[in-house]
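Novice: My structure is below; once you've seen it, I'll send some questions.
Just so it is clear, none of the values below were taken in a lab; they were calculated from the coordinates. Since this is a predicted model, take the numbers as computed values, not measurements. Every residue, glycine as well, gets a Cβ built from its backbone with ideal geometry; the counts of neighbours run over all protein chains shown.
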Amino acid sequence: MEHSKKLSEPVAVLDLGSSAIRFLIGQQTEQGDWRILDKGENSLSLGKDVFGSGYISSATARKAIDILRGFKEVMAGYGIKRYLVVGTSALREARNRDGFIDRILINTGIEVQVLSGVEANQMTYLAVESSLSPVLPALKRNNVLILEVGGGSTEVMLLKKGRLVASEVLNIGSVRYLERITEEAGMSQWAGTNYISLQTHRLLEGLARKVGLKKISCLVALGTEVRLALEFLEADREENYQIIRRERFHSLIEEFRLLTVDEVALRLNVPYGDAELFLPGLIIYDTFFEFIKVDQIIVPDISIREGLLQGVVMAPEEIRELFREQILASCRGVAQRYAAGEDHYEYVRDASLLIYDVLWNELGLEKRHRLLLEAAAILHDIGSYISGRGHHKHGAYLVNNAEIFGLNNKDKKILAQMVRYHRKSKPQQNHEGFGSLDRVSRLTVQKLSAILRIADALDRSHTQRINIRKIYFEGRNMVFLTDFTGDLTLERFSLQEKADLLEEVFGFQISLRSQGIPI
Amino acid sequence: MSQKNIPYINFELSWLQFNSRVLDEGCRKSLPLLERLRFLSIAGTNLDEFMVIRVARLIRWDRENRDVLGPSGKMSSQVLAELMPRLRSQVERLYGTLETEVLPALNQAGLKLKRGEALKEDEVEYIRRYFRENLFSVLTPRFIGPGDLSLRETLTSGAVYVIFSFSEEELGLVKIPENLDRFVTLPGKKKVTLLPLEEVILRFGPLLWPSRQVRGAAVLRLSRDANLSVEEEKDEDFLSAMEDVLDDRVKGRPVRLEMVLNDSSEEGQRLRKLLPAWVDVDPQGVFELPRLPRLSCLMDMAQLGGFQGLQYPSWEPVPPAKYSSETDIWQFLKEQDLLIHHPYESFEPVVHFLEQAAEDPEVLAIKMTLYRTSGDSPLMRALETAARRGKQVTILVELKARFDEGRNIGWAKRLERAGAIVIHGMRNLKVHAKAAMVVRREQQGIRQYVHLGTGNYNDSTARKYTDLGLLSSRPELTLDTALFFNAITGHSTTLGLVKLVMAPLSLRGRFIQLIHREMDGARQGKPAWIRAKMNALNDPEIIRLLYQASEAGVSIDLNVRGACSLLPGLKGISSRIRVISIIDRYLEHSRLYSFCNGGKPEIYISSADWRTRNLDQRIELLVPLEGQECKARGLEILDNIFWDNMQSQELTSTGEWIPRWENREEPPFRAQEFFHKAAVRRHREREERNRRELQVRRKPPGT
């Protein structure tokens, strides 16, 4: 029998969350969707440890090892060779996370990767997209908010007419709050729930100011607590999701407020540890629901792990490609937020791509660089929001700290340096940000900034008057042919100034010619 | 209606009624003689178990001065007081029927069970030789001297002894070897004549103490409290903890003494008086029998060859329709589910399922629960083979399966040695669910196959118990089964089952919800009914709800083989509830639950009864039959079971059971016979079809 076909191989994902370790074993069908073969979860108080003391305790680490060994046993029963083990917010914040990860590796042979908030968002988005595919076209006509409340963080993604305009990871979560409430000795359950609701509201107001939460017509909610609550909500079942009503959800909270944790555990049929998180979790959801005021909420049958399955079978670059549209949309969302001139950055993007397309082979560039180039083109001027002076530096800072869907920290660091060097000084080893990059990344920054600088120079006037007809080579001379017949002095001057990097690093000369008229 | 005052029949008293129904079968003149004997044997064996578990507990409470209020509103002392006289009269009816009806009639028919004193001279010679040659070397005589109070400690629970008294304080004790046949066949041509071993020992046992003068003798049997208390906290080495308590069972507190004392001498009177005191059994626990303590021995007699006329005709299990031993089970299950009705349909496919899994190089893993199995189980051997071949074999062996603990410990050790992952049950819960899963690597990827059933993985009882088993590869069932195994093997604490329902987590809730749905339906004027079959019914919450449903307009048919605490037919309480019970040649063991659902019936099979212990203290599964064919078949089976009027009795509103074969208006219908004939007919039709279609066995041309 042949097993070499990629389709037929089961893969697994394990996720070290704030309150539990969960696993999922799936297999891709010929149609490309995932069939889930097995799954499970075991409580682990990572979040309690980390959000309380900042450290993962030794006992928790031991328990994690036991659980992971058990999961390995389950995986062995399916002959699993490829799997992905990730940690989310709790692990991300643990001060002893490297030691913890090493300990797990030594004891179980399992290598845990820490997933950034943005990567987590990406996986969640993948999962939601596949689960809601039948209704996706309809959803894409509206403004949709995707919300996943976790133990340590809450992921929010905003889609406007199918375009992802914001992707945020907020530091609110059921375990995190439970920890804080427990810390405040004597805080009654009532006071505790009010505290959660106030905190969430405060963050939501901030988010609303940042990305605008008006005119949202559809809410998609994921996460353990909302799924547990379904049973009590008389939800309408569709094939891959259920629909709940906001009012009913709200009144459910009033019911559960009156119960002790033991009673909650009994009603939900879950361990005490999960029951404890139920009400805090529900309140975070409820605060969102009430803030956004959508009457019906979609609860898909999936979690981030379904998205992660995709992550096992695809290389990171492939996944990034899959998200090209979403990543660019997210960049445009950031650019708009900082009032960057759309016509200009779109021009720069187009021009960058033209240059990329003639140079990629020469410069040894790959597809993923193309995407980074596009992203940098869109974002290159956002620093002007703060000040035109030194806007490349402000821009670098903003990119580094912006939530850009689909890009991890490393991507963002490269992107920030590209923005940093789109004008003025060339990359230098003794520049702090550039110097801290690894060699390959530094090279990437140099190559891509070189392109970006030229593309930006071509629209020095910010009027998009230079329409490039063609780019061709005369020996080492790279010629831009435009049908613009007016005065090219400004652009030529600018090019001269900004082609330095390309010339210096790659030995190309740049010429700008009007059609038929030699310089 | 509050929970406290619902009409509720005490469980022990109802159980006694069940055994009385078994006994009724032994009394029915219309049954073949050896089948009657078999029922008497079963009734006796049932009583043995009842005594050491249920009665022993009541007696223990009584001794500890604990008076426990039960759901029937009766205190445990009151139950014990009501129970013991009934139990005694049942024993009397049992032995009375045996002595005055069945044994004499068998004698007439050529099968004689002889008494020692009636032996002819040549027979005496024969057993003298038998004693010397076959018995003498295997007997272990024990002398109990003056001041030695060890008789109570010496007697093993349930074993039969012959005791001789030498002087006032000297006794000789011989245990009847359990590995020998209980009966010696005496020479003779016309008849088969059997003599129980105790009669041989009574006669020649004194030879074991040549220097002592025997003054009197008795046959006796002591039964001890068999309720075990194992330290549930000992997770790491639960296996050895269980071994410890099993040793204790042999030494549990005595609760019953059975004596045969055909001796009116002074010494006989003395023994009659002293024996109970020596073994410390209260007068209520002392039973003087005419002969033959431990009636399980009658089973051997009932199965004797050469008496076909006195036995039921043989009903050989047939392969399920569409299935044969040549079927490629994986291919078959890819195309359809297979619902098997045991024992009408054979257990072979289940054995094949595991044997093929063990042999198949593409099978990666096998998981299974084990509650009760046979001594030399082909299923266990298959698992052993699979483990040795490097497959991942995970088996949950329930070490707490009552009376099978020893055997299960044996299998647990054997499988562990073969390399299987053996889980020794769960703390405070017995794993009673019957589930198996095979993970197989195929061209399209991994595929899982499951077996979910109502009966144990026991090839031997699968020939005697009615059960249902479902083999399937439906993803929705296989995923749930995988989740179930994760839960019971400690890999997962949260389940998220979609199709299956598991006790103790959500089974009770689901049943309550299903009953409520019928009530709501009835109130809205929709058709509403519940039809269920189980081994016993005693959960107060379910019973109360059934009463409410009945009065809400839901018609409820219950088929409860054993004890039933619900009282049907009471005006204003249970007027729409009917309870019947079937006792026939096969032990009714399948559990089926069906709900009208507003005209779109749903049917489930389960390992659980509507008993509190099943719903709250055990791991059980409820499995929906959803494939069109399986569902229709399940509904049909459940429907037919209620038509039985030859082997069933009905519970009246006064708590009595009335045979349905008396005053019958409808034509006679025997459910078990119907199922047997239907299975045979389906099998024959298939054979017939196969004969007509010439099937050539060869590789496709050109390969």
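Novice: Which entries in the list A:LYS48/A:LYS215; A:LYS81/A:LYS412; B:LYS430/B:LYS499; A:LYS447/A:LYS470; B:LYS29/B:LYS430; A:LYS412/A:LYS498 go over 29 Å, if you measure between the two C-alpha atoms of each? Each step should come with its number before you reach the end.
Specialist: Numbers: A:LYS48/A:LYS215 37 Å; A:LYS81/A:LYS412 31 Å; B:LYS430/B:LYS499 22 Å; A:LYS447/A:LYS470 21 Å; B:LYS29/B:LYS430 41 Å; A:LYS412/A:LYS498 23 Å.
Correct reply: A:LYS48/A:LYS215; A:LYS81/A:LYS412; B:LYS29/B:LYS430.
Novice: Tabulate in residue order the Karplus-calculated ³J(HN,Hα) for region B:187-195, using 6.51 cos²θ - 1.76 cosθ + 1.60 with θ = phi - 60°, rounded to whole Hz; enter x for Gly and Pro.
Specialist: So the J values, rounded to whole Hz, are x, x, 9, 6, 10, 9, 10, 10, 10.
Novice: With r defined as the distance between the Cβ atoms of B:LYS334 and B:VAL498 and R0 fixed at 25 Å, what FRET efficiency is calculated, to the nearest 0.05?
Specialist: Values: r = 21 Å, r/R0 = 0.84.
E(calc), rounded to 0.05, equals 0.75.
Novice: Any chance you could give the angle, 0 to 90 degrees and rounded to 10, that helix A:97-108 forms with the longest Cα principal axis of chain A?
Specialist: Approximately 70 degrees, to the nearest ten.
Novice: Pull up the DSSP beta bridges for chain B and report the antiparallel fraction as a percent, rounded to 5. Display every interim value, and only then the final one.
Specialist: Values: 70 of 102 bridges.
About 70 percent, rounded to the nearest 5.
Novice: Next question. Averaged over all directions, how much area does the convex hull of the C-alpha atoms of region A:11-115 cover when projected, in nm²?
Specialist: Values: hull surface 25.0 nm².
That works out to 6.3 nm², a quarter of the Cα hull's surface.
Novice: Using 0.36 nm times the number of residues separating B:LYS464 and B:VAL286, minus their current alpha carbon distance, what extension gain do you get?
Specialist: Values: separation 178, 0.36 × 178 = 64.08 nm, distance 3.26 nm.
In short, 60.8 nm is gained.
Novice: Less than 15 Å apart at the alpha-carbon level, and either on another chain or at least 8 residues along: which aspartates and glutamates does that give for A:LYS410?
Specialist: A:GLU119, A:GLU317, A:ASP438
Novice: If you don't mind, another one. Using 0.36 nm per residue, how much length does the chain from A:ASN400 to A:LYS215 gain when fully extended, once their Cα-Cα distance is taken away?
Specialist: Numbers: separation 185, 0.36 × 185 = 66.60 nm, distance 2.92 nm.
Residue separation times 0.36 nm, minus the Cα-Cα distance, leaves 63.7 nm.
Novice: Further question: Normalized C-alpha radius of gyration of the protein assembly as shown, against 2.2 N^0.38 Å? The partial results should precede the final answer.
Specialist: Numbers: Rg = 39.5 Å, N = 1222, 2.2 N^0.38 = 32.8 Å.
Normalised by 2.2 N^0.38 Å, the Cα Rg of the protein assembly as shown equals 1.21.
Novice: What residues have an amide H closer than 5 Å to that of B:PHE287, excluding those fewer than 5 places away on the same chain, when H is modeled at 1.01 Å from N in the peptide plane?
Specialist: Sorted by chain and number, the residues that satisfy this are B:LEU257, B:GLU258, B:MET259.
Novice: In a shell of Cβ-Cβ distance under 13 Å around B:GLU288, excluding B:GLU288 itself, what net charge do Lys and Arg (+1) and Asp and Glu (-1) give?
Specialist: Working: positive: B:ARG88, B:ARG221, B:ARG256, B:ARG272, B:LYS273, B:ARG291; negative: B:GLU92, B:GLU258, B:ASP263.
So the surrounding residues net to +3.
Novice: Label points 7 Å out from Cα along the Cβ direction at B:VAL680 and A:ALA76: separation in nm?
Specialist: Computed distance between label sites B:VAL680 and A:ALA76 equals 5.0 nm.
Novice: Can I ask one more? Spin-label point model (7 Å from Cα, Cβ direction): what's the A:LEU105 to B:SER30 distance in nm?
Specialist: Modelled inter-label distance: 7.9 nm.
Novice: Under a crude label model (7 Å from the Cα following the beta-carbon direction), how far is A:LYS140 from B:GLN524 in nanometres?
Specialist: 3.8 nm
Novice: I'd like the orientation of helix A:304-313 relative to chain A: the angle between its Cα long axis and the longest Cα principal axis, in ° from 0 to 90, rounded to 10.
Specialist: For helix A:304-313, the angle is close to 50 degrees.
Novice: Can you give me the long-range amide H partners of A:ASN143? Hydrogens built in the peptide plane at 1.01 Å from N, cutoff under 5 Å, separation of 5 or more residues or another chain.
Specialist: A:LYS161, A:SER217, A:CYS218
Novice: Skipping prolines and chain starts, which residues have an amide H placed within reach, meaning under 5 Å, of the one on A:ALA402, given they are 5 or more residues away or on another chain?
Specialist: Counting only residues 5 or more places away or on other chains, the set is empty.
Novice: Mind giving me the FRET efficiency for A:GLN464 and B:GLU476? R0 is 60 Å, r the Cβ-Cβ distance, nearest 0.05 is fine. All intermediate terms of the calculation are to be shown ahead of the outcome.
Specialist: Numbers: r = 57 Å, r/R0 = 0.95.
With a Förster radius of 60 Å, E is 0.60.
Novice: Follow-up. I need to check one value: relative contact order of region A:317-465, counting alpha carbon pairs closer than 8 Å and at least 6 residues apart, in percent. Spell out each step's value before the answer.
Specialist: Working: 193 pairs, mean separation 40.8, N = 149.
Rounded, it is 27 percent for region A:317-465.
Novice: Something else now. Restricting to bridges with both residues inside chain A, how much of the DSSP beta-bridge set is antiparallel, in percent to the nearest 5? Walk me through the intermediate numbers first.
Specialist: On the way: 43 of 65 bridges.
Taking every DSSP beta bridge within chain A, about 65 percent pair in antiparallel fashion.
Novice: Which listed residue (A:ILE468, A:LEU198, A:ILE21) has the Cα farthest towards the positive end of the charge dipole for chain A, taking +1 on Lys and Arg C-beta and -1 on Asp and Glu C-beta about the Cα centre?
Specialist: A:ILE468
Novice: Can you give the extra length, in nm with one decimal, that the chain gains between A:ALA315 and A:ASP343 once fully stretched, where that is 0.36 nm per residue apart less the Cα-Cα distance?
Specialist: Gain on extension, A:ALA315 to A:ASP343, equals 6.7 nm.
Novice: For region A:194-262 and region B:105-165, write down the distance between their C-alpha centroids in whole Å.
Specialist: Distance between centres, Cα-based: 78 Å.
Novice: Looking at region A:332-407, which trypsin sites (Lys or Arg not before Pro) are in a loop (DSSP not H, G, I, E or B) and have at most 13 other Cβ atoms within 10 Å?
Specialist: Working: sites: A:ARG332, A:ARG337, A:ARG349, A:LYS367, A:ARG368, A:ARG370, A:ARG389, A:LYS393; in loops: A:ARG389.
Those that pass, being in a loop and sparsely packed, are A:ARG389.
Novice: Still on this structure, I have one more. By DSSP, what percent of the beta bridges with both residues in region A:11-115 are antiparallel, rounded to the nearest 5?
Specialist: Values: 15 of 24 bridges.
Bridges in region A:11-115 that DSSP calls antiparallel: roughly 60 percent.
Novice: Another question, then. Rounded to the nearest 500 deg cm²/dmol, what is the calculated helix-only ellipticity per residue at 222 nm for chain A, with -39500 (n - 2.57) per DSSP H run of length n ≥ 4? Write out the running numbers ahead of the final one.
Specialist: Values: 23 runs with 273 residues, N = 519.
Counting only the DSSP helices, I get -16500 deg cm²/dmol.
Novice: Taking the Cα centre of region B:529-635 as origin, work out the dipole magnitude from +1 charges on Lys and Arg Cβ and -1 charges on Asp and Glu Cβ, in debye rounded to 20. Don't jump to the answer; show the numbers that get you there.
Specialist: Values: 15 positive and 12 negative charges, 46 e Å.
About 220 debye.
Novice: Which residue, chosen from A:TYR272, A:GLY173, A:ASN143, occupies the Cα position most advanced towards the positive end of the dipole of region A:143-290, where the dipole is computed from +1 (Lys, Arg) and -1 (Asp, Glu) charges on Cβ about the Cα centre?
Specialist: The residue sitting most towards the positive pole is A:ASN143.
Novice: Efficiency by 1/(1 + (r/R0)^6): what FRET value for A:GLN509 and A:GLN428, r their Cβ-Cβ distance, R0 = 30 Å, to the nearest 0.05? Provide the component values of the computation, followed by the final result.
Specialist: Working: r = 23 Å, r/R0 = 0.75.
That gives a FRET efficiency of 0.85.
Novice: Right, another one. Please list, or write none, the aspartates and glutamates whose alpha carbon is within less than 12 Å of the alpha carbon of A:LYS293, excluding same-chain residues fewer than 8 places away.
Specialist: The qualifying aspartates and glutamates are A:GLU247.
Novice: Let me check I've understood the local charge: for B:GLN672, count other residues with C-beta under 11 angstrom from its C-beta, Lys and Arg +1, Asp and Glu -1. What total comes out? All intermediate terms of the calculation are to be shown ahead of the outcome.
Specialist: Working: positive: B:ARG585, B:ARG670, B:LYS677; negative: B:ASP584, B:GLU588, B:ASP644, B:GLU673.
Charge balance near B:GLN672 sits at -1.
Novice: For region A:205-252, what does the convex hull of the Cα positions come to per residue, in cubic angstrom? Each step should come with its number before you reach the end.
Specialist: Values: hull volume 5.5 nm³, N = 48.
Dividing the Cα hull volume of region A:205-252 by its residues yields 116 Å³.
Novice: Follow-up question, since we're still on this one. Tell me, what HN-Hα J-couplings in whole Hz come from the Karplus equation 6.51 cos²θ - 1.76 cosθ + 1.60 at θ = phi - 60° for each residue of region B:423-440, using x for Gly and Pro?
Specialist: Once rounded to whole Hz, the list reads 10, 8, x, 10, 5, 6, 10, 9, 8, 9, 5, 10, 8, 9, 9, 10, 9, 10.
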